[in-house]
Every structure is written in C-alpha cells, then in structure tokens.
Amino acid sequence: MKNLNLLFCFFLLSLSSLAQPTQTVRGKIVDKESKFPLVGVTALLMNNAAQPIGAVTDMDGTFRVANVAVGRQTLRFTLVGYKEILLNNIVVEAGRETVLNVEMEEAITELNTVVVKVKRSGEAANEMAMVSARQFSVEETERYAGSRGEPARMASNFAGVQGADDSRNDIVIRGNSPSGVLWRLEGVSIPNPNHFAISGTSGGPVSIINNKYLANSDFFTGAFPAEFGNTTAGVFDLKLRNGNNEKHELSAQFGFLGTEATAEGPLSKKSKSSYLVTGRYANLWLFNKAGIDIGTQAVPSYADGFARFNFPLKNGGNVALWGIGGTSTVDILVSQQEVSDRNIFGQNDRDQYFTSKMALGGITYNQPLNKSTFFKTTLAVSNNIQDANHDFLFFRKDSSGTPLVQNQKYVIDSLRPILDYKFSEMKYAVAISLNKKWGAKSTLKVGINTDIIDFTAYDDVRNFDESTNQLTPWRRRWGVNKQPFFQLQPYVQFKHYLTQNVALNVGLSSFYSSINKNSYSAIEPRAGLSWELPHRQKITFATGLHSQALPTYLYFYSPNTALFGPNAAKNVGLMKSWHFVAGYSKMLAENLRLLAEVYYQRLYDVPVEIQKSSFSILNSGAGFSRFFPNPLQNTGKGRNYGVELTLEKFFSNNYYFLVTASIFDAKYQGSDEVWRNTDFNGKYAFNALFSREFTFKKRKSLNIGAKFTATGGRWYGPADITASRQSQEVIYADATRNSLQFSPYKRFDIKTEYKINRNRLTHTIAVDLVNVLGIQNLLSLSYVPQAPYVKQEYQLGFLPVFFYRINF
C-alpha cells in the first residue's frame, strides 16, 4: 500500500510538471503628462483573439491578470478619451512576474468625436520628442545579437549609429565624437557608466549599467528636447525599475562576462514598498584559459552592484533611494609577455597598472500634484576615479639597437617609473521638473538641472630620451586639489496640438558653467513639428541649438609651452551645434514600419589649437588615451549631414527583423583652415538583424538570431616616425592627417537562446557568437619599441559569449 501511495504521489507530480506553466501579468497605468493614476483602463491580452482575457485598472491605476500562459504576449490598453496603447512583445516567464508601467496620452476631442490613435512599442516615452528618438526595452538589449545586454551596443544597431570598435562600447552618432554622448539616469547627468573608463570618453570595454534593473528608456540621436543640455551628439535617458512589491524573486547568472545575482521583493506588503539588489563579478579569466583573444594577455577584473528601495506615497507619489557602483583593474605587464602577444589596450614599451572606480547614489521624489500637474526631483552624488602607473622598460639591445629576445620574450635590463596619475571628479547633481497640461492639447514642462563639480587631479610624467638613453626629468601636467565649479541648465518646453493631427513644440534652454567666463550659452531655441497623415503616415521636423563644454580634465591641463601660459583650455568656451532633422514614417502593415530621416548639423566654436594645426576636439573620445593638446581656442568648424532608412518588423508570428542603412558625411576644420574627414567619417553604415523563435509544447522556446554589420573604415594619416620615437607613442604627420582610411569594417554575429519554463522557475541558456567568421578588421596604429616603430592593430577576432540564468 505504501508503494502504491508513493506511485500515486509521483504520478500527481508528473501531471503537475506537465501542466502548462503560467504567471501573473500586472502593472500600473498613469497619464503620460501628469503621471496621475488612470481608473477604468481596460488591459487585454490579445494572443487569443477569439477569447481575449484581461482586467480593468482600479482606483490606484493598477491591474492584474492571473494565469497567463508563458511566452510572448500582446497587450492592448484602452480608455475612453485616451490614445490606445499596443505592446506586442511582452515576455512572460514562469520564474518571475511580469510587471508593467504604462503611460497613456490623452486623445484630442473635436466636434464631440474622440480621435483614437495607437501608440506602439518603440515610440519614445518623452512627451516632447518629435524626431530622432526611440524607446528601448530590457528585452531589446538581450534580443539583438552582439549586444551583450548593454544599452550602447544595442543602440549601435539603430540608423545613424555605429560602434567605434569591438574592444569598447563607444558609439558614433551621425559622425559625431563619442564624447558628445550624454548619459542621464533618473533625470541627472552621470559619469561615464563603464568599467575601465578614461576621462573624456563615454564608453568602455564593459558597461557598469546592468539591464536587470533598467526600465524602458529613451535614446536620442539629434535635435533633442530642451531638457537635455551639455551635449551635441546623443542622449541615453535611462530609467530605473522598482523591485516586485508583492513577491520575493531571485535570479542567478553565470557566464563569460561575469557571475551575478539579483534579489527583489516587498519591504512591506502593506505599504507596497520594495527592494531590488544586484551584484556582479567578472569571469574574464575564462577567456584567458580558453585561449580566446580579448586584445591582451592581461586578465582584467571588475565588479559592480546596484540597489534601489522604493516607498510609495499617497496619490500616486513615491520616493526611491538608489545607488550604483563599479570598480575595475587591469595590469598589462609587457615585461612578462611574449613578443607576439597582442596589446591593443596600452603601449608596448612599458608595464601599465590601471584602476577605475565609479560610485553614484541618489534619491528621487515623484508626485502628481493633481490630475494635470506632476512634480519630480532627483538629488544625486557621484564620484569617478582613474588611477594609473607606468614603468618604462629598458630593453637589452644588440649593437644595432634592436631589443634582444630570449625564450620569445624581450630581455629587460630594468624598469623605471615613467607615469603616475590620478583623477577624481566628485559631482553633486540636482534635477527639478514640473509638468502641467491643459486638457489634451497643451503641455508645459519647466525645469532646471544643476551640477556642482569638485575636481582633483595630479599627473607626473617623464619621457625616454633616445639620444642620451636616459629618462628626462619629471614634469607635472596636472596639479589640481579640489577645484570646484558649477553648471546650470534651466529649460522650458511647450507642446500644443494645432489640430487633431498636427502637434507643435517649442522650447528654450540655457547653459552656464562657472569654469570660466566664456562657458555660457544664453539662449538655445528648440522646436519640433509632427503631422500625422492618412494611411498611417507621419511627417516630422525638428531643429535646435545645442552646446557642450570640454571634458573637465582638459581645463586644467598644463602643456610644456611657456609661451601660452599654464593651462591649455583655461578660457575655452562652449562648442555649439545647430541640428536640423526631417523625417517620414509609414506603417506598411500591422507590424511593419518604414522610417526615413535626413539631417544637417552645423558645428561652430569648436575647440582647436591656437597654433595652426589639424587638431580638433571633434576627433577625441574613442579610445584608451587622454588628449594632450596645445593651447586651445574656439575657432574650429564642423558639419555633418546624411540620410537614414529603417525597416522594422515588430516581433509577431514568432519572428522579427530590423534593417537600417545610413549614408553620411562628417567633415571638420582645424586652425589650419583645411577641411578634412573626421576620424569617424565612415561614409556609410548598414545593419541587418533577424530572429526566429521556436516554441515546444508551450514550455520551452529556442530563439535563433543573426546580425550583419558593414561600415566604412575610420580615417587616419601617415605617422611621423621621428616624433613617435621621441614621445613613445604614435604621432601623425599634421599636414596629412586623416588622408588615409582603414578598410571597411564587417562583422557577422549569431545568437541562440534556449529557455525552459517550469512552474515558478525559468532556465535560460544563451550563446552569443560575436564575429563568428573571425573577420580581421583594422583598428588603429600602435607604437612598438623597434623598427618599423609603428604597426597596425586589429579588432578582436571571434568572441563567444555564454551565460546561464535561472529565475525563481
């Protein structure tokens, strides 16, 4: 009898495991402008068109749909007087609840008729965005092959955007320098959110930002709304999600890029407060053990973490405390490497020790004041540190001066310190905004962004003099101890529907920096127009004046030039850029969209050197080196123009595709008044992505995706060998700068993801095969300590990225 009971229990468990796993889909719906909770919104799951299931929002604007089958779902949200929302790629997993935060826009009513329009996935959440803007989801950062779960690598698939190189996630937007990209989080500007970050850059090899805690966020490529200042290239406007306030959930992940864990759940079910905590530690030693090329034989290490605690208030308000931090270290020891070892992250004549740290914490307060007014403020503190030491290698040489090699390694006589620097930038940021709407036609947004920056830096360097075979005396390039200054950016923007199909927005922004008397832009006008045409077509136009300050460290750099005084950029003002963008979009089918944009950007007051040269700040910000210019002035120019096409099939019927193409031209003029290609003027960029999902008995799914990228090569010029030997780094001949172009860049990636859903448990196994064909793309020139002294460096080769994740 006992055996029969055990057999019966096993039978019941087997039936349970074979049952279709389900999960809860719930969330909150608010008015887009006022953020006030919306009552009576109908939320329908449309996958079963014959018998859709759904729910209606309550007094708090919340809804809940239980027992939803796992897999991809389409949701439709409707409310009389509001534009319909259609979300057609919601991933429901057994291991975690699906929690949505949806904003609905009030519809225009004319002659007692409500004009109903559909807002689809991918449209920017910012109510003032007219053109060159796109919302991206966490799911997109994981769906695209080669994206590795990072926002920047994901964005490189969009029209007008391309990656700078495989070893970093810097992005080039419409031919602009990556240093022109602004990162914002919860409304405040933040330091470079990447491991191994270098001053003056916006990217790095690995992102500190983890998509596990991001909410849907916006990405802008031109003619930004007035609230965005101190940027000329593009904006990542990131939002943080809250933890699950009803149920404790865990996630663990192991892969080549790191071991990480995430925990979330309610702090108090009564008050609906929640927590969300993540942590990650690098596993890059796995690449080294497997013999996979990561550009260096050194093993970089990094770790990062995040925490958010959310406390709901009355009438839809809330207070959130949050923090992000990351630290990274790499020791590139050329003295211990073999002669043939690659080293694309540093110089080849020294041992290099580098550490970077980034910490960011803040408090965000949101409060709908009434049904038409919304107030938000964020206070944040951040610190960004880079610390480096270099030891110069004295090679043992033969009679001809060539370094000796023994056992495939250089023979080293001695190591002597040659560089010691540390930069620390502390920032105190405050962002305040107020939204006010008048009916469905008009919305006003006013606000101010304030940063107080405290900069500390020291940098001591000496060079190797080949003529004497000795090191030169130490020279101080930076010597700043807690130098404070502040930045202010007030703005106002107004949006009004002229008719039910034509929307106009106008705005003003201003930017002031106390770094010097010239860093002031009094009025920066912004304007946009959107005209919806019959047959699901739309025409858009936007223009705006934008300004940007130099990276902080350049204001305090002291070149070895007594003629021009101690600071290279002490009195340099803001760089300016006028953006003009026109667009056309059409829904070719229910889930197929065509988008075309043309743009022109006129850059002026660009920092260039006072003495006649080809230098321009427009060529900076895309590598592992700082810039050391001679004294600067605001007399440079630039211009970018191009056309972009996007054909996108939204995920439906188990597949999607995205095809983007850009043809552009980016030129600049230095103080020598010669027009040249910028470093990033690749002339064209093409991306094609495809993914197909296969489901098996509603419990398992296999997603197979691929991506092909082709872009024009970056520009460079012949090296000045004599100058390069004197400085031990590549120095380009000034007169012929950017007269040569690297070969076109090409890459083919494949990604597979296998997902198993059990009751309240989800397993995910993914393999991202980056550059699966192993195409050798030229990256740059690098200096080597023997003839010919300059060699070509190649991008990373084939790179397999694997992870296993479990949610429960």
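The values are calculated or read from the model by the stated rules, or taken from the named source; none is laboratory data. Just so we're clear, the structure is a prediction, and the values are computed from it rather than from any experiment. Neighbour counts run over all protein chains shown; Cβ positions are idealised from the backbone, glycine included. Quick note on the areas: whole protein, heavy atoms, side chains included, nothing else; ligands and nucleic acids left out. Shrake-Rupley method; radii C 1.70, N 1.55, O 1.52, S 1.80 Å.
Averaging sequence separations of C-alpha pairs under 8 Å and six or more residues apart, then dividing by the length of the range 658-718, give the relative contact order as a whole percent.
Computed over the range 658-718, the figure is 34 percent.
Set the Förster distance to 41 Å, then compute FRET efficiency between LEU533 and GLN611 from the Cβ-Cβ distance, nearest 0.05.
The calculated FRET efficiency here is 0.15.
Taking +1 at the Cβ of each Lys and Arg and -1 at the Cβ of each Asp and Glu, which of ASN757, SER167, PHE345 sits farthest along the dipole of the chain towards its positive end, judged by Cα position relative to the Cα centre?
So the residue furthest toward the plus end is ASN757.
Leaving out same-chain residues fewer than 8 places away, which lysines sit with a Cα under 23 Å from that of LYS697?
Partners within reach: LYS751, LYS755.
Among rounded, prolate and oblate, which fits the range 180-282 when a ≥ b ≥ c are the square roots of the eigenvalues of its C-alpha gyration tensor, a/c under 1.5 means rounded, and a/b larger than b/c means prolate?
Since a/c reaches 1.5 but b/c is at least a/b, the shape of the range 180-282 is classed as oblate.
Would you kindly derive the ³J(HN,Hα) couplings of the range 625-641 from the backbone phi angles with the Karplus curve 6.51 cos²θ - 1.76 cosθ + 1.60 (θ = phi - 60°), listing them in order in whole Hz, with x for Gly and Pro?
Using θ = phi - 60°, the values come out as 10, 7, 9, 10, x, 6, x, 10, 8, 9, 10, x, 9, x, 8, 10, 8 Hz.
Using a 1.4 angstrom probe, figure out how much accessible area the range 288-339 has per residue, in square angstrom, rounded to the nearest whole.
43
Report the label-to-label distance for GLU590 and LEU415 in nanometres (one decimal), using points 7 Å from each Cα along the Cα→Cβ vector.
6.5
Would you work out which of ILE452, PRO417, GLN483 lies farthest towards the positive end of the dipole of the range 381-534, given +1 charges on the beta-carbon of Lys and Arg and -1 on that of Asp and Glu, about the Cα centre?
Looking along the dipole axis, the top candidate is ILE452.
For ASN89, what residues show an amide H to amide H distance below 5 Å, using hydrogens built from the backbone and excluding near sequence neighbours?
LEU75
For the range 696-751 and the range 506-520, what is the separation of their Cα centres, given in Å?
For the range 696-751 versus the range 506-520, the Cα centre distance is 35 Å.
Once you have the Cα-Cα distance between ILE775 and ASP341, take 0.36 nm times their residue separation minus that, and quote the gain in nm to one decimal. Write down the numbers at each step before the final one.
On the way: separation 434, 0.36 × 434 = 156.24 nm, distance 1.88 nm.
Here the answer is 154.4 nm.
Can you compute the charge dipole magnitude of the chain about its Cα centre, using +1 on each Lys and Arg Cβ and -1 on each Asp and Glu Cβ, nothing else charged? Give it in debye, rounded to the nearest 20.
That gives the chain a dipole magnitude of about 2080 debye.
Return the FRET efficiency for the residue pair ASN318, TYR428: r is the Cβ-Cβ distance, R0 is 22 Å, and the value is rounded to the nearest 0.05.
Calculated value: 0.45.
Compute the helix-to-body angle for 2-18: its Cα long axis versus the longest principal axis of the chain, expressed 0 to 90° and rounded to tens.
In the chain, helix 2-18 runs at an angle near 70 degrees to the longest axis.
If each of ILE704 and ASN463 carries a label point 7 Å out from its Cα toward its Cβ, how far apart are those two points in nm?
5.7
Whose amide H sits under 5 Å from the amide H of GLN795, counting only residues 5 or more places off or on another chain, with H placed in the peptide plane?
Here ASN777, LEU778, LEU779 satisfy the definition.
Work through the residues other than ILE750 whose Cβ is under 14 Å from its Cβ and net out their charges, Lys, Arg +1 and Asp, Glu -1.
Details: positive: ARG143, ARG148, ARG692, LYS707, ARG747, LYS751; negative: ASP749, GLU753, ASP768.
Within the 14 Å Cβ shell, the charges total +3.
Note the full-extension length gain between ARG64 and SER399 as 0.36 nm times their separation in residues minus their Cα-Cα distance, in nm to one decimal.
Difference between extended and current length: 112.5 nm.
Enumerate the calculated ³J(HN,Hα) couplings along the range 726-739 in order (Karplus 6.51 cos²θ - 1.76 cosθ + 1.60, θ = phi - 60°), each rounded to whole Hz, writing x wherever the residue is Gly or Pro.
Listing the rounded values in order: 5, 9, 6, 8, 5, 10, 8, 4, 5, 5, 10, 4, 6, 9 Hz.
At 7 Å along the Cα-to-beta-carbon direction for both GLN741 and ILE452, put a label point, then send me their distance in nm to one decimal.
With each label point 7 Å from Cα toward Cβ, the separation is 5.0 nm.
Under the rule of at least 5 residues apart or a separate chain, name every residue whose amide H is placed under 5 Å from the amide H of ASN283.
GLY258, THR259
Can you flag which of LYS212/LYS357; LYS270/LYS700; LYS538/LYS576 are past 24 Å Cα-Cα?
From LYS212/LYS357; LYS270/LYS700; LYS538/LYS576, over 24 Å: LYS270/LYS700; LYS538/LYS576.
Over the chain, what is the mean sequence separation of C-alpha contacts under 8 Å (at least six apart), divided by residue count, expressed as relative contact order in percent?
It comes to 11 percent, rounded to a whole number.
Give the residue from LEU240, PHE220, GLN406 lying farthest towards the positive end of the charge dipole for the chain; charges sit on Cβ (+1 for Lys and Arg, -1 for Asp and Glu) and the dipole is referred to the Cα centre.
Of the listed residues, the answer is LEU240.
Could you compute the FRET efficiency for PHE690 and LEU471, with r as their C-beta to C-beta distance and R0 at 56 Å, rounded to 0.05?
Between PHE690 and LEU471 the formula returns 0.50.
If I take every Cα pair under 8 Å that is 6 or more residues apart in the range 326-372, average their sequence separation and divide by the length, what percent do I get for the relative contact order?
So the answer I get is 47 percent.
Work out from phi, with θ = phi - 60° and the Karplus expression 6.51 cos²θ - 1.76 cosθ + 1.60, the ³J(HN,Hα) of each residue of the range 36-45, listed in order in whole Hz, and give x for Gly and Pro.
Rounded to whole hertz, the list is 7, x, 9, 9, x, 6, 8, 10, 10, 8.
For ASN288 and ALA733 in one chain, what is 0.36 nm times their gap in residues minus the Cα-Cα distance, to one decimal in nm?
156.5 nm
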